[in-house]
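The values are calculated or read from the model by the stated rules, or taken from the named source; none is laboratory data. This one's a predicted model, so the numbers in the text were calculated from it and none came from an experiment. For neighbour counting, all protein chains shown are included, and Cβ atoms are generated from backbone atoms with ideal geometry for every residue, glycine included. Ligands, DNA and RNA are stripped out before the accessible areas are found, and what is left, the full protein with its side chains, is counted by its heavy atoms. Shrake-Rupley method; radii C 1.70, N 1.55, O 1.52, S 1.80 Å.
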Amino acid sequence: MPDNLKDAYRLLSNTLASRGLNVDRMKQRMKAVEIETPSWGYSDSGTRFGVFRQPGAASTIEEKLADAGQVQRFTGVAPLIALHVLWDLDVQAREHDCVLELAKQHGVRIGAMNPNVFQDQEYALGSITNHCSSVRKRAIRHMIDSVEIGKALHSDVLSLWFADGTNYPGEADFRERKHWAQESLVEVYRSMPPNMRMLIEYKPFEPGFYHTDIADWGMAFTFAQGCGDRAHVLVDLGHHLHGANIEHIVAFLIDEERLGGFHFNNRKYADDDLTVATVNPLELFLIYNELVKAEDHPNGNPPIAYMVDQSHNTKLKIPAMIQTINQIQIAHAKALSIDRAALARAQRANDLVGAETVIQEAFNTDVQPLIRVVREEMGLDPDPLRAYNESGYQEKITAERGMRRGSGGLGQS
């Protein structure tokens with residue numbers, strides 16, 4: 001450890017100790033984190049105006065697993081990769097053993113299964129809320145197929161997002177669609193093995209601009225309750241109206257034992273899918289404040305899946321993912337550095353300034369020395385982004401892959 005890092009770490013340790021914190025325990029908790037990165041975060045992506053291609057972007061599942069392996073290699077806390085059924089896997093093919101072997105070769109495991117019930121033409125007017133029963137049955141069948149694939153790939157999470165909604169008043173009956181959605185989710189839930197959880201995501205608008213069938217956390221919560229104990233709410237940080245207090249939602253769901261996981265990203269206007277903490281690092285920190293409190297005083301809430309969901313249209317894919325992992329670690333470390341005893345005293349005394357000051361002191365703490373030491377103790381380079389940039393991997397994939405079209409399952413390009 002360089003002398004300057006030793007000095008910075010010693011000063012930070014003294015500060016944390018003065019807050020009554022156990023630095024070794026903090027390091028243990030930081031090392032135990034597992035963050036899931038998405039396969040689609042390594043491939044070409046875009047907006048409704050077009051797909052913006054990058055040389056070296058992954059176009060097959062082999063390449064996506066390899067790229068996810070690089071993120072895990074340099075960060076040490078991203079061992080899972082989420083797969084998008086149809087984008088990554090052929091439902092009819094039996095490629096599961098090969099996928100598991102490739103994942104193992106690249107040092108990652110398969111995370112959440114993400115069915116696709118939004119891009120086919122049949123789903124233009126809805127999937128599980130479509131007026132046509134045959135379309136609803138098709139969507140249900142695809143989700144059940146995704147459950148089966150998940151079982152073969154040792155995945156224990158089924159992550160669901162629906163584009164279902166309407167654009168015009170009078171287009172459809174809200175309550176009728178609600179009933180269809182619940183019936184569909186229950187049928188899929190019953191097909192899951194006992195070790196699998198269903199995460200239900202919500203979104204206030206887009207692509208439906210008049211209404212969305214699962215528009216907020218309360219609706220997702222209600223649908224989850226209607227399914228059973230292994231159905232939970234998935235919070236996407238970009239899926240809220242302006243001004244929404246996400247940390248309050250997180251605390252409420254934890255208390256109700258229904259917070260299943262996150263899609264970490266950031267936004268300025270709507271579902272921008274920016275890299276984490278790009279615009280609002282304070283919000284991320286305040287969310288982690290609630291997560292750390294839940295770790296300190298656990299109830300019956302299920303294990304929380306920490307998942308990244310971003311669209312790197314202009315940033316290079318792997319550096320952007322490493323950047324995001326770093327920001328998540330910073331928010332976590334800062335939340336761990338809160339003086340909980342001082343905060344509790346201020347709250348009991350109704351000392352508003354004192355309580356806010358405790359929060360601000362933690363947010364303003366430079367936790368980089370702690371994070372760098374944690375990485376060194378894990379056998380990692382303390383600066384993962386620099387280490388990746390110097391590894392030559394980006395130049396290698398740029399030369400080998402070039403600029404290509406399409407993405408898909410094994411052997412497809």
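Points worth noting:
- Identity of the residue in the stretch 353-383, acidic (D, E) and within 18 Å of D24 (Cβ to Cβ), that ends up most open to solvent (accessible area, probe 1.4 Å): E377
- In the stretch 85-97, residue farthest from I35 (Cα to Cα) [restricted to those that are exposed (fewer than 15 other Cβ atoms within 10 Å of the Cβ) and not aliphatic (A, V, I, L, M)]: Q92
- Applying the criterion of at least 3 residues that are among the β-branched types (V, I, T) to the helices (runs of 4 or more DSSP H) found wholly in the stretch 317-392 leaves 317-336, 352-363, 368-377.
- Restricting attention to the stretch 212-262 and to residues that are of a type in the set (D, E, K, R) and within 18 Å of the chain's Cα centre (by Cα), the residue that is least open to solvent (accessible area, probe 1.4 Å) turns out to be D236.
Results for (1) out of contact with any Lys or Arg (no Cβ under 9 Å at 6 or more places or on another chain); (2) open to solvent by 30 Å² or more (accessible area, probe 1.4 Å), shown as yes or no for each residue.
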| site | (1), (2) |
| --- | --- |
| Y269 | yes, yes |
| N280 | no, yes |
| E283 | yes, yes |
| I287 | yes, no |
| P298 | yes, yes |
| P303 | no, yes |
| M307 | yes, no |
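- Residues of the stretch 193-211 that turn out to be closer than 19 Å to H232 by Cβ and either outside any loop (DSSP other than H, G, I, E, B) or in contact (Cβ under 8 Å) with a residue 40 or more places away in the chain (or both), as a count: 8
- The stretch 146-171: number of residues that are open to solvent by less than 40 Å² (accessible area, probe 1.4 Å) and either out of contact with any Gly (no Cβ under 9 Å at 6 or more places or on another chain) or more than 15 Å from V85 (Cα to Cα) (or both): 11
- Cβ separations smaller than 6 Å between residues 6+ apart or across chains give the following pairs from the stretch 354-371 residues that are under 12 Å from F285 (Cα atoms) and of a type in the set (S, T, Y) to residues that are modelled with pLDDT of 95 or more and not in a helix (DSSP H, G or I): T365/S337.
- Whenever a residue of the stretch 382-400 is more than 13 Å from A57 (Cβ to Cβ), its partners that are among the hydrophobic types (A, V, I, L, M, F, W, C), lying with C-beta atoms within less than 6 angstrom and at least six residues away or across chains, give the pairs P384/F74; P384/I322; L385/I322; A387/F74; Y388/F74; Y388/I322.
- Residue in the stretch 230-247 that is closer than 24 Å to S133 by Cβ and among the hydrophobic types (A, V, I, L, M, F, W, C) present: yes
Matching residues to (1) crowded, with 18+ Cβ neighbours inside 10 Å; (2) of a type in the set (S, T, Y); (3) in contact with a helix residue (DSSP H, G or I) (Cβ under 6 Å, 6 or more places away or on another chain); (4) in contact (Cβ under 8 Å) with a residue 40 or more places away in the chain:
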| position | (1), (2), (3), (4) |
| --- | --- |
| M30 | yes, no, yes, yes |
| S45 | yes, yes, no, yes |
| F49 | no, no, no, no |
| E63 | yes, no, no, yes |
| L80 | yes, no, no, yes |
| L83 | yes, no, yes, yes |
